[in-house]
Amino acid sequence: MPRDIVNRVTTTIKSVPSKARSATADATINARLDKREPELIALLGTLGWKALRAARELVQQMRENTYVDELIDAIKADNAEIAIDQQAARAYLPLNFRIHFRKPEYNTAPALTDLTCDWAFWHDANRKFIENGW
């Protein structure tokens, strides 16, 4: 049984990058796939559910050609803004804040699951509330 699992993982490792490469002739995309391939192989070679989940998320990022470092760069370059779900804040009504990227495909990118926003709200000089999430 374990031998069969090893064979299936080996087949997957060999086929995922080649299938992704055959879907495009863009040299930039292929270079990005090549850059992430060792990370994918390392994750698939690691025992545990956490590594398998991370490998699945990386494959999704490879499919969509949007990676975590791009999202971070977009935030640093001011290509994202804080959006509020209402037009005006009202007393005693909760507000939902979110990060909105100027590049629409980033707003639904699977790479977002690897990032967390920490929101800090100061009530006064001594009390700070921290929430996290997108």
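Annotations for the structure displayed:
Conditions tested, residue by residue: (1) closer than 30 Å to Arg36 by Cβ; (2) in contact (Cβ under 8 Å) with a residue 40 or more places away in the chain; (3) hydrophobic (A, V, I, L, M, F, W, C); (4) outside the structural domain of Arg53 (by TED's automatic domain parsing).
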position	(1), (2), (3), (4)
Asp78	yes, no, no, yes
Ala91	no, no, yes, yes
Asn107	yes, no, no, yes
Leu115	yes, yes, yes, yes
Trp122	no, no, yes, yes
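- For Trp119, the criteria (1) hydrophobic (A, V, I, L, M, F, W, C); (2) surrounded by 10 or more Cβ atoms within 10 Å (Cβ to Cβ); (3) under 30 Å from Thr28 (Cβ atoms) hold in every case but one, which is (3).
- Of all residues in the range 92-113, those satisfying the criterion of being of a type outside the set (S, T, N, Q) and farther than 15 Å from Glu64 by Cα are Tyr92, Leu93, Pro94, Leu95, Phe97, Arg98, Ile99, His100, Phe101, Arg102.
The values are calculated or read from the model by the stated rules, or taken from the named source; none is laboratory data. Every value quoted in this text rests on a predicted model; they were computed, and no experiment measured them. Please note: Cβ atoms are built from the backbone with ideal geometry, for glycine as well, and neighbour counts cover all protein chains shown.
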